[in-house]
Amino acid sequence: MPENPVRYHEGGFPPKKIEWEKLIPFIGPANAALARYDGMLAAIPNAALLLSPLMTREAVLSSRIEGTQASITEVMEFEAGIRPEVHDKNLVADIHEVLNYRKAMARAVELLKELPLCQRVIKEAHSILMEGVRGQGKAPGLFRKIPNWIGPPGTPMERATYIPISSDKLPSAMHRWENFIHAEAPDKLVQLAMLHAEFEALHPFLDGNGRLGRMFVPLFLFSSELLRSPMFYISAYLEARRNMYYELLLAVSRDNEWTEWCVFFLQAMKSQAEENLQKTSAILELYEIEKANFIEWTHSQHAIRALDFIFIHPIFSAKSFTNDLSIPKSTSIRILKTLRDHKIFSILREAKGQQAAVYAYRELINISEGKDVF
């Protein structure tokens, strides 16, 4: 615990000096990896559907950086109707935070159809992020009017790790940040690195700043037309290097180390673009294989609709499958039995009394997680 907290870098944004010669070796590879990933997105006609599990994973990992413990499987099980055997209030609260992350991201993307990326988009996303969860009493959708600081729970300001900008200076700082979103820059990814670090340094809300700052990454990539879809998942890299991530952000304000932060961010972008490409490619390949299988196995005109449902909900209840497909119930029951007979699901819960059976589409979940969960 430092005796003197690090304080916000007054007058230090945008940074007056960046050592571009140190960044050049990282700029090209990061942009090239991102372009390859964008090319894969172009090959997917229904990316929002196919990559839904990756969005859930991003929400899980971004929230985990802030201390939540819910896993992607627990979130999907919860949505399918499976509750913890011992009602764990903390786990349920964690899951609701993850679900809010997805809702907030979806709302921000919807707003970008009519608005540029701006403070209004960020505020509205924040209000949804905080809805009905821990932090809901901390002025959802509003920039803070009081001081805040970062440190272990209960830490007084004088013993904090970091103290953001004062609330009276926050409005002008956020306008400066917003203007920089739309400024001309030598490289968009370096610009994004600076914007992310500055947002975290300003800490404009009383809660949810970390998650919102990471949500900003795909929103910027999409609004800047670096990606054709706002589907970029950076949190796995940051969560695996959480201490370094926080230390480099702190060093921006403490030591004016913008260049070192930008190097780290570019490495994160390259690594995650490559991982996103690999997973997206594997998901698309799986979808094409299963499309042929579903048609052959079910002999139904509704085979693709059933396949799409399972890709959006890799863990699902038999009840939701038969009720939500908008096809004759007898047909959906027959399709589900056929798929179960072909053993593509793991059975998480057999039907019992009023409880519907719950299934997990293991191959898609394993690809999304990057390991064998089932």
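A few points about this structure:
- Candidate set from segment 64-96 (those that are in contact (Cβ under 8 Å) with a residue 40 or more places away in the chain, of a type in the set (D, E, K, R) and out of contact with any strand residue (DSSP E or B) (no Cβ under 8 Å at 6 or more places or on another chain)); member that is farthest from PRO152 (Cα to Cα): ARG64
- Residues of segment 47-87 satisfying the condition of being touching a helix residue (DSSP H, G or I) at 6+ places or on another chain (Cβ under 8 Å), more than 20 Å from LEU212 (Cβ to Cβ) and in a helix (DSSP H, G or I): ALA47, LEU49, LEU50, SER52, PRO53, ILE72, THR73, GLU74, MET76, PHE78, GLU79
- Between ILE304, ILE289, ILE283, ILE295, the distinction of being out of contact with any strand residue (DSSP E or B) (no Cβ under 8 Å at 6 or more places or on another chain) and crowded, with 20+ Cβ neighbours inside 10 Å belongs to ILE283 only.
- Scanning segment 49-69 for residues that are touching a Ser or Thr at 6+ places or on another chain (Cβ under 7 Å) and not basic (Lys, Arg) yields LEU51, PRO53, LEU54, GLU58, VAL60, LEU61, SER62, ILE65.
- Out of LYS319, LYS329, sole residue that is out of contact with any Gly (no Cβ under 9 Å at 6 or more places or on another chain) and either farther than 19 Å from THR73 by Cβ or of a type outside the set (Val, Ile, Thr) (or both): LYS329
- The sole residue among ALA303, ALA351 that is at pLDDT 95 or above, outside the structural domain of GLY28 (by TED's automatic domain parsing), farther than 30 Å from HIS196 by Cβ and of a type in the set (Gly, Ala, Ser) is ALA303.
- Filter result for the condition that a residue is in contact with a His (Cβ under 9 Å, 6 or more places away or on another chain) and in the same structural domain as PHE232 (by TED's automatic domain parsing), over VAL133, VAL190, VAL98, VAL121: VAL133
The values are calculated or read from the model by the stated rules, or taken from the named source; none is laboratory data. Everything quoted here is computed from the prediction, not taken from an experiment. Cβ sites come from the backbone with ideal geometry, for glycine too, and all protein chains shown count toward neighbours.
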